Amino acid sequence: MKERLLLFARSIRFRLALWFVAILAVVLVAFSVFVYARQASDLNRATLERLSLKTRQWESYLKYAARDYFGEDPPLIPAQTQDGESFLQEYDILALVGLQGQVVQKAGPVQDEEIQHLVQVGLEKRTEEHPFAYNVVEATAEDETTSEEYRFVVAPITLDRKVIGFFLLGSPVDPNGQLQRLLVTLVLGNVVTLGLALAGGTLLAERAMRPVKMITRTAREIGESDLNRRLNLGTQDELGELANTFDAMLARLQAAFERQRQFTADASHELRTPLTIIGLETAWALSARRPAAEYERVLGVVQSENEFMTRLVNNLLTLSRMDAGQAGFNFEALDLSDLALEVLERLTPLAKQRGVSLGTGDLPEVKTTGDRQYLSQMLANLVENAIKYTNVENPQVRVETGVEPSGPGAAGFAWVRVEDNGPGIAPESLERIFDRFYQVDQARTRNESGDLEGDPTGEQQTSGSGLGLSIVQQIVQAHGGQVSARSEGGQGSTFTVRLPLAS
Ligand code: ADP
């Protein structure tokens with residue numbers, strides 16, 4: 001439980017809601033303080049204005065009262081003015097004080113000592129220039145019984161220009177408790193609003209974060225076996241975009257996984273055929289005594305199949321090394337034409353044996369950078385294919401190199417082209433010949449590979465398992481180049497490799 005709470009406290013939705021509430025709280029408190037301060041200052045001003053008005057009324061009354069009725073003593077506090085208007089409101093304080101500080105008369109909830117103290121404070125506030133001007137003199141006091149805040153005025157009572165006493169007039173700032181009520185309302189309002197905001201904010205954040213939870217759960221559930229699962233969130237927002245990206249990544253992973261699985265299956269399949277042949281042949285040879293010539297034939301088959309498997313395994317190794325980025329390329333500056341000539345020389349015996357005329361076109365100096373061994377293997381694969389698949393009358397294979405100069409907006413490159421006048425490749429196969437293990441006519445290829453048995457250039461024979469061209473592509477791509485195949489209407493095939501020029 002505690003852990004869940006901790007987890008919730010750390011969650012984005014809670015932190016989002018908290019931020020939201022915190023910002024709202026700052027705004028609300030600032031607003032409340034403003035409203036409260038404004039109200040307090042309004043009340044204060046209203047009290048002071050009222051006191052000022054009352055003081056003037058008193059002043060005129062006292063002048064008249066002092067002269068006509070009371071002589072030396074301060075006059076009595078009347079309940080009302082002559083027009084019957086009440087002088088004092090409820091909670092108002094009025095006191096008449098003699099020159100010696102004696103409280104002559106008082107009205108309202110106030111003690112004598114307090115009156116004396118207030119008069120003292122009021123008198124201390126006089127200025128030299130205006131000793132007894134009838135200005136409002138403020139003093140703040142808290143009445144004990146009501147604990148109200150008061151404003152007071154202390155003013156002199158004069159008779160014939162002589163000060164005969166003072167009067168103290170006080171009025172509560174907020175007699176109806178408006179400020180208190182406002183404070184309660186504001187505090188309650190703020191608390192309720194913030195509570196609602198926290199609940200609502202958490203709920204909203206929870207809803208907004210729901211897809212994230214779903215993504216997390218799905219990601220956790222997805223194993224190797226169910227890579228075909230997708231989130232399919234279907235929303236257009238940021239999370240929808242995240243889910244789409246996730247789905248796309250899953251699709252790529254699935255495809256890569258599928259390719260890997262296919263690759264393993266194909267490799268096993270390719271190995272099974274020679275193993276079966278070896279198994280059958282040896283079982284046949286061992287099942288009875290055979291003439292020596294038969295044993296020789298069987299051993300020949302075993303050797304040939306062994307060579308096929310060796311080539312296949314070597315090709316697989318090359319591919320997987322390149323896949324893993326461990327091919328260990330040794331880049332150096334080289335001339336593509338020189339390399340092409342070397343490869344042609346090596347393959348001449350094979351071409352001769354197959355009755356293929358191996359020719360060259362232009363072979364100018366073409367500087368490029370690459371791994372000599374890998375590029376040589378790449379060229380050999382292309383030329384071998386051309387020799388192997390050109391089983392027509394008067395078969396011809398031609399190798400040519402050149403440089404495409406760089407133009408505006410296009411970088412220059414070195415190219416090498418292997419052309420043959422064979423039967424060509426059908427358009428639907430053309431798209432797939434670079435795929436691993438893809439063979440246009442598997443049976444034919446396998447047989448032809450068998451035909452090459454005992455060839456002195458055995459190691460240069462085509463693999464006959466559909467890996468040759470994918471190795472070509474892999475090598476070319478690792479050199480930053482491109483390979484393309486063209487074949488139109490049974491008019492032979494042309495393979496072109498483009499490589500970056502040496503800088
Ligand atoms: P393989 O080991 O079968 O030669 P590749 O990857 O080298 O595998 O070639 C794939 C397929 O492309 C081959 O089965 C072959 O049918 C076709 N192919 C390759 N080169 C040529 C060519 N020059 N002419 C006709 N078909 C070709």
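If the cut-off is a Cα-Cα distance under 27 Å, which lysines reach Lys388, setting aside same-chain residues fewer than 8 apart in sequence?
Lys352
If you bin the C-alpha pair distances of the range 354-441 every 5 Å from 0, what whole percents do you get?
Pairs per bin, as whole percents: 3, 11, 17, 20, 19, 16, 10, 3, 1.
For every helix of n ≥ 4 consecutive DSSP H residues, a contribution of -39,500 (n - 2.57) applies; sum these over the chain, divide by its total residues, and give [θ] at 222 nm rounded to the nearest 500 deg cm²/dmol. Don't jump to the answer; show the numbers that get you there.
Working: 11 runs with 262 residues, N = 503.
After summing the helix terms and dividing by the residues of the chain, the value is -18500 deg cm²/dmol.
For the range 153-237, count the residues as N, evaluate 2.2 N^0.38 Å, and divide the Cα radius of gyration by that value, please.
Details: Rg = 34.7 Å, N = 85, 2.2 N^0.38 = 11.9 Å.
Scaled against compact globular proteins, the figure is 2.91.
Sort the following peptides by mean Cβ neighbour count (other Cβ atoms within 10 Å, averaged over residues), highest first: 249-260, 467-478, 338-349.
The most tightly packed comes first, giving 467-478, 338-349, 249-260.
Mind checking the angle between helix 238-286 and the chain's longest principal axis? C-alpha axes, 0 to 90 degrees, to the nearest 10.
It works out to around 20 degrees.
Under the rule a/c < 1.5 gives rounded, and otherwise a/b versus b/c splits prolate from oblate, where does the range 235-336 land using the Cα gyration tensor? Before the final figure, lay out the partial values.
Numbers: a/c = 6.98, a/b = 2.09, b/c = 3.34.
It is oblate, given that a/c is not under 1.5 and a/b is not larger than b/c.
If you fit an axis through the alpha-carbon atoms of helix 112-124 and take the longest principal axis of the Cα set of the chain, what angle between them do you get, 0 to 90°, nearest 10?
Helix 112-124 and the main axis of the chain meet at about 80 degrees.
Going by a ≥ b ≥ c, the root eigenvalues of the Cα gyration tensor, does the range 278-366 fall in the rounded group (a/c under 1.5), the prolate group (a/b larger than b/c) or the oblate group? It would help to have the intermediate numbers written out before the result.
Numbers: a/c = 5.22, a/b = 1.76, b/c = 2.96.
Oblate, since a/c reaches 1.5 and b/c is not below a/b.
Which whole-number percent is the relative contact order of the range 280-373 (Cα, under 8 Å, 6+ apart)? Could you put the intermediate results ahead of the total?
Details: 49 pairs, mean separation 28.8, N = 94.
Once divided by the residue count of the range 280-373, the mean separation gives 31 percent.
What list of whole percents do you get for P(r) of the chain, with Cα-Cα distances grouped in 10 Å bins up to the one holding the largest distance?
Spelled out bin by bin, the chain gives 3, 12, 14, 10, 8, 7, 6, 6, 5, 5, 6, 7, 6, 4, 2, 0, 0 percent.
So how tilted is helix 292-323 from the main axis of the chain? Cα-based, degrees 0 to 90, rounded to 10.
The helix 292-323 is inclined about 20 degrees to the chain.
Could you check the simple spin-label distance between Trp19 and Glu342, using points 7 Å along Cα→Cβ, in nm with one decimal?
Result: 6.2 nm between the two label points.
If you rank Lys388, Lys162 by fewest surrounding Cβ atoms within 10 Å, what's the result? Present the calculation step by step, with values, prior to reporting the outcome.
Numbers: Lys388 23, Lys162 10.
So the residues, fewest neighbours to most, are Lys162, Lys388.
Just so you know, all these numbers are worked out from the coordinates, no wet-lab data involved. Because the structure is a prediction, the values reported are computed rather than measured. Methodologically, a virtual Cβ is constructed for each residue, glycine included, from the backbone with ideal geometry; neighbour enumeration extends over all protein chains shown.
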